[in-house]
Amino acid sequence: LSQELNELNSFYESTSSFKIDSYFDQTIIWKNISYENKLQIYKLAQELLANVKKHSGASNISLQIIKDKNNLVMSFEDDGNGFDTEESSYGYGLKNIDKRIKELRGELNIDSSIGHGTFVTLKIPVLS
């Protein structure tokens, strides 16, 4: 999955005005994760990148996936416009992310404020 995510990053960098700094934990054994879970992880990254391209005006993005016990933790940060999480109703992108995380029985945390970018953490229980 690391290769596919790097290709996704390259696509978004070539079609957008932002730079993506990514790190994928090399100790993750992707073959031990189901195809369906890998597909959902890919789609989560894709949705986050699409949201940045459409809404944030960011110049820099950080995308990391690390292993934490039996979980994968995806951290996503941008230096874009941000939004007020208390007043914003989630658009389709964030609703899709929330739906995917619930299907994976994971956790979603969004920290954002106007003018200060957005930090998203996804905790996904996919490792055994």
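The values are calculated or read from the model by the stated rules, or taken from the named source; none is laboratory data. Quick caveat, the model's predicted, so the values are computed rather than measured. Glycine also receives a Cβ, built like all others from the backbone with ideal geometry; neighbour counts cover every protein chain displayed. Only protein heavy atoms, including side chains, enter the accessible area calculation; ligands, DNA and RNA are left aside. Shrake-Rupley method; radii C 1.70, N 1.55, O 1.52, S 1.80 Å.
Under a cut-off of 19 Å between alpha-carbon atoms, report the lysines in cross-link reach of K38, not counting same-chain residues fewer than 8 places apart.
Of all the lysines, those that pass the test against K38 - Cα under 19 Å, at least 8 places apart if same chain - are K67, K69, K99, K102, K123.
Given a 1.4 angstrom probe, I'd like the percentage of the accessible area of the chain that is carbon and sulfur, rounded to a whole number.
On the way: 3350 of 7470 Å².
That fraction is 45 percent.
Separation between the K31 and S16 pseudo-spin-labels, each 7 Å from Cα along Cα→Cβ, expressed in nm?
Simple spin-label model gives 3.2 nm for this pair.
Quickly work out the E107-to-S62 label distance, labels modelled 7 Å from Cα along the C-beta direction, and quote it in nm with one decimal.
1.9 nm
Between helix 92-103 and the chain, what is the angle of the helix's C-alpha long axis to the longest principal axis, kept within 0 to 90° and rounded to the nearest 10?
Tilt relative to the chain: about 20 degrees.
Restricting to Cα pairs below 8 Å that are 6+ residues apart, what does the relative contact order work out to for the chain? Please round to a whole percent. Each step should come with its number before you reach the end.
Values: 212 pairs, mean separation 32.3, N = 128.
Result for the chain is 25 percent.
Return the Cα extents of the chain along principal axes one, two and three, sorted largest first, each rounded to a whole Å.
39, 31, 21
Sum -39500 (n - 2.57) across every DSSP H segment of at least 4 residues in the chain, then divide by the residue count to get the 222 nm mean residue ellipticity, nearest 500.
Working: 3 runs with 43 residues, N = 128.
Taken over the chain, the calculation gives -11000 deg cm²/dmol.
Show R100, R105 ordered by accessible area, largest first, where the area counts protein heavy atoms only and the probe is 1.4 Å.
R105, R100
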